[in-house]
Amino acid sequence: MAQALGIAVADPRWQASRLPAPAQALRCDAGIQVMGCEAARSTGFAFDNELGSRQVPVAGFEVDSQVLRWRDYLPFVEDGGYTTPHWWPDAAAATWRAAQRSGAPRYLKRQDGVWQHWRHGQWQVLDLDEPARHLTVFEAQAWCRWAGRRLPSEAEWLRAVTAHPASFRWGDVWEWTASAFEPFEGFVAHPYRDYSAPWFDSRPVLKGASFATQPRLRDLRYRNYFTSDRNDIFAGFRSCRL
């Protein structure tokens with residue numbers, strides 16, 4: 001909300017981190033990814049959509065060790081990505097793209113060959129090593145088509161962080177996945193019945209957390225879910241090899 005309203009946030013706890021050059025991609029073997037968690041646990045509270053269970057067969061895959069930085073994403077924009085219908089074949093994505101006037105991600109503009117970021121209520125030179133964010137899932141999918149990549153599924157995301165806990169960097173931004181937000185087997189709505197059940201409508205799952213997420217709420221099991229066109233949140237993505 002502070003970003004949308006142009007309110008400066010000086011507290012260093014709520015600033016994006018600069019990311020290093022990407023490390024070698026992570027290889028994950030084929031297997032069964034168990035999703036969901038038990039209702040009776042000693043590890044604390046769980047939201048209703050995290051409970052229940054699902055066993056998902058996962059083929060072997062290769063995934064980025066971290067989310068994309070601006071320097072990884074912006075070559076797509078500079079290559080005319082936002083004006084090339086080929087990268088936006090889905091009808092909803094094409095409609096969204098056609099409604100955009102800037103031809104660039106939200107809060108960004110290019111002036112005199114330099115990318116700038118509207119942040120803290122003013123235009124600043126963009127730090128290309130910060131995580132790419134305020135991206136819709138449409139933009140993430142378009143970049144993947146352009147780059148010959150794809151988004152990971154929710155099961156793949158969990159399998160990767162489980163297999164490579166020390167190498168799979170997460171928590172810089174919320175991460176779009178290729179999975180729809182659906183209940184696990186045995187789902188029962190909590191007393192706050194409008195938290196999850198009304199939103200099992202094919203909107204994508206986002207995993208992880210962002211630099212603006214309270215530490216106590218950072219949990220690998222957490223399942224965020226926003227409509228595909230949302231770009232007001234600190235959301236970006238990582239990709240998988242085809």
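The values are calculated or read from the model by the stated rules, or taken from the named source; none is laboratory data. Computed from a prediction, not measured in an experiment: that's the story for all the values here. When we count neighbours, we look across all protein chains shown, and the Cβ atoms used for this are built from the backbone with ideal geometry, even at glycine. Only protein heavy atoms, including side chains, enter the accessible area calculation; ligands, DNA and RNA are left aside. Shrake-Rupley method; radii C 1.70, N 1.55, O 1.52, S 1.80 Å.
Worth pointing out:
- Subset of region 169-205 that is on the phi > 0 side of the Ramachandran plot and within 19 Å of the chain's Cα centre (by Cα) - its residue that is least open to solvent (accessible area, probe 1.4 Å): GLY171
- The set of residues from region 43-60 being open to solvent by less than 30 Å² (accessible area, probe 1.4 Å), of a type in the set (A, V, I, L, M, F, W, C) and in a loop (DSSP other than H, G, I, E, B) comprises just one member, ALA46.
Yes or no, residue by residue, for (1) farther than 30 Å from MET35 by Cβ; (2) outside any helix (DSSP H, G or I); (3) among the polar types (S, T, N, Q):
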residue: GLU62; (1), (2), (3): no, yes, no
residue: ASP72; (1), (2), (3): no, no, no
residue: PRO75; (1), (2), (3): yes, no, no
residue: HIS86; (1), (2), (3): yes, no, no
residue: ALA94; (1), (2), (3): yes, no, no
residue: ARG97; (1), (2), (3): yes, no, no
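- None of TYR73, TYR82 is over 26 Å from ALA160 (Cβ atoms), among the aromatic types (Phe, Trp, Tyr), surrounded by 10 or more Cβ atoms within 10 Å (Cβ to Cβ) and in contact with a helix residue (DSSP H, G or I) (Cβ under 9 Å, 6 or more places away or on another chain) except TYR82.
- Residue within region 123-131 that is outside any strand (DSSP E or B) and either open to solvent by less than 10 Å² (accessible area, probe 1.4 Å) or modelled with pLDDT under 95 (or both) present: no
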